[in-house]
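Every number here is computed from the coordinates shown, using simple stated rules; none is lab data. All values reported here derive from a predicted model rather than from experimental measurement. Methodologically, a virtual Cβ is constructed for each residue, glycine included, from the backbone with ideal geometry; neighbour enumeration extends over all protein chains shown.
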Amino acid sequence: MLALLMPGLAAAEPPGVGDHRGGTLHLSAVGSGGTLDPQVNYTSEYINLFATMYDGLTGFRKARGLAGDGIVADLAEALPEPQDGGRTYVFRLRDGIRFSDGRPVTVEDVAASMRRIFRVGSPTAGSFYGAIMGAKACLEHGAECRLEGVVADPSNRTVTFHLTEPDSEFLMKLAFTHASILPADTPDHDLGNDPAPATGPYRIVRYDPQGGIFAERNPYFHVWSQEAQPDGYVDRIEYRFGLTDEAAVTAIANGQVDFLYDPVPLDRLGELGSRYTAQTHIEPHLTVYFAPMNVHIPPFDNLKARQAVAYAINRHAMTILYGGPAIAGPLCSMVPPELPGRMTTCPYTRGASLENPAPEWKAPDLEKARALVRESGTAGQKVTVVVANRSVDKAMGNELRDTLRAIGYEAALRPLQPALMFSYIQNSANNVQISIKDWSSDFPSPSNFLDDLFGCENFHPGSSSSINIPGFCDAPTQALIDRAKTDVTLTDAARNDLWAQVDHRIAGLVPATPVIHKYDVVFVSKRLGNFFYTHNFGLFFSQVWVQ
């Protein structure tokens, strides 16, 4: 399969800036990605679109490959040097930038946007921005958030951030879409179906959660930094919902759709490899599939029950269900193999343990898993596996359901519409016991997988923006996380060693079990040119053109 698809990796070099301007880019997804609020939405389905519409003070360089991991100044004139031992950052706002409704972007908008992250309960408020002075009070009382650590000075267009402790990744976190700068009068609640004024080359002009997103050029946009926010080629972007992933692949082959967000179904991969190699791309993307387990309700409030699942999952079968070893592989760490700062051994495989791990995953150990289920006293309990209603996810969900039955549970599968599924499994009030979810990095760091998904500050009971899905909080683990984030005296090697220790502790307590890591198989239409893929946003919509 890999040999068949490799020709699709080549990307044409773009001609002059003025060439290929115009037309409509047609995108497809099985269902909507939820809210249009860029400070709340945490789905990759919309984040790569938001990256063409909204800007933060910093941004990821809009470039292919590893160059796209770099941080550049976006709405700020330059990247500031940290002061006071990494506790103070002073940004100067660019002059002359306007929102898509014509209003100028001001430092008051910046300060209000940072407060709003806490007032709306953004999923990353704690893990990304919790070091800002005043953030602790804002996390406890969001509606009253003042965030004293962000100080705007209109006289010289500066915004100063005061942190309570250093954060070695702060500039990267400001580049994520949750730190998008919005008008100061943006309501302090989830915008839902109402788009906020944009600063980038495109703005949303119409949204139907059942039908699609329709975007056009922002009439007030001008290029202030080609690296941070280049102009777009197409005039319109139509992101339509409702086609199944199977139907969307057929529509791309017929030239009716240009790009499919959802994974390509397994039964179509051979067809792409044999008939559409020039339109098929295999791209590295820092993504894992994992199975979070609710540590507060039966049966997975029992450590042995969680360990049983980790031993029982057939990661080879899951790899095949995703598309085979050319595009996926078994995963024993919660951090994908492309990143440092991870556990490099495998404790949950046949013949291994935490004390005596194997160098890699070999096979499931169903006998050990059954014994652990019996020892836990949870045998025979009912378990429901929640997955997204997509071909690949349902196939993996069926495999996990059958595995749970094989080790002693009465298991069932519950597929949900993708956007609903993600918010549903986050909300502890829904009592989701176990699920399968893919997770992609927001920036290239193990903290995206270890702090975001398991940090104590990211569990919000009863909230649909609680990215710590298992509800996990362990003080020794949190202490390691905090030191890895804040100790500016650490070398890169020492910091990565700390993250590896975090990974190992999480493996021991098993609030979730890793399943597979994957590459993206991106199938595009013949008329789509200048294939432009970045690690952080996937296919970058503003930089492709249509013929």
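At what distance in nm do the modelled label points of Ala479 and Glu108 sit from each other, each positioned 7 Å from its Cα along Cα→Cβ?
Distance between the two pseudo-spin positions: 4.7 nm.
For the stretch 477-493 and the stretch 73-135, what is the separation of their Cα centres, given in Å?
So the separation of the two Cα centres works out to 24 Å.
When a/c is below 1.5 the answer is rounded, else prolate if a/b is larger than b/c, else oblate, so apply that to the stretch 285-520 with a ≥ b ≥ c taken from the square roots of the Cα gyration tensor eigenvalues.
Verdict is rounded for the stretch 285-520.
Name the residues whose placed amide hydrogens come within less than 5 Å of the amide hydrogen of Ile516, ignoring near sequence neighbours (fewer than 5 apart) on the same chain.
For Ile516, whose amide H was placed from the backbone, the distant partners under 5 Å are Tyr289, Leu331.
Using alpha carbon centroids, what distance separates the stretch 504-547 and the stretch 146-195, in Å?
Rounded to whole Å, the Cα centres lie 27 Å apart.
Lysines within cross-link reach of Lys173: Cα-Cα under 26 Å, excluding same-chain residues under 8 positions apart?
Result set, ordered by chain and number: Lys62, Lys136, Lys437, Lys485, Lys518.
Starting from the Cα of Arg21, move 7 Å in the Cα-to-Cβ direction to define the label point; list residues of the stretch 511-547 whose amide nitrogen is under 17 Å from there.
Residues 542-547 qualify, since their backbone N sits under 17 Å from the label point.
Stretch Asn193-Glu360 to full length: gain in nm at 0.36 nm per residue minus the Cα-Cα span?
Full-extension gain reported as 55.6 nm.
Take every Cα pair under 8 Å in the chain that's 6+ residues apart, average their separations, divide by the length, and report that relative contact order as a whole percent.
This gives 22 percent for the chain.
Counting alpha carbon pairs within less than 8 Å and at least 6 residues apart, what relative contact order, in whole percent, applies to the stretch 40-95?
Dividing the mean separation by the residue count of the stretch 40-95 yields 24 percent.
Which FRET efficiency value, to the nearest 0.05, is calculated for Asn254 and Arg414 with the Förster distance at 35 angstrom and r the Cβ-Cβ distance?
0.60
Along the principal axes of its C-alpha atoms, what lengths does the chain span, in descending order and rounded to whole Å?
68, 55, 40
Sum -39500 (n - 2.57) across every DSSP H segment of at least 4 residues in the chain, then divide by the residue count to get the 222 nm mean residue ellipticity, nearest 500.
-8000 deg cm²/dmol
So the label point goes 7 Å from the Cα of Thr244 along Cα→C-beta, right? Which residues of the stretch 366-393 then have their backbone N under 17 Å from it?
Zone members listed by number: 388-393.
Stretched out fully, how many nm does the piece from Glu165 to Arg405 gain, at 0.36 nm a residue minus the Cα gap?
81.6 nm
What spacing in nm lies between the two simple spin-label points modelled at Gln226 and Ser274, each 7 Å away from Cα in the Cβ direction?
A separation of 4.4 nm, rounded to one decimal place.
I'd like the distance separating the alpha-carbon centroids of the stretch 210-226 and the stretch 340-387, in whole Å.
Answer, in whole Å: 47.
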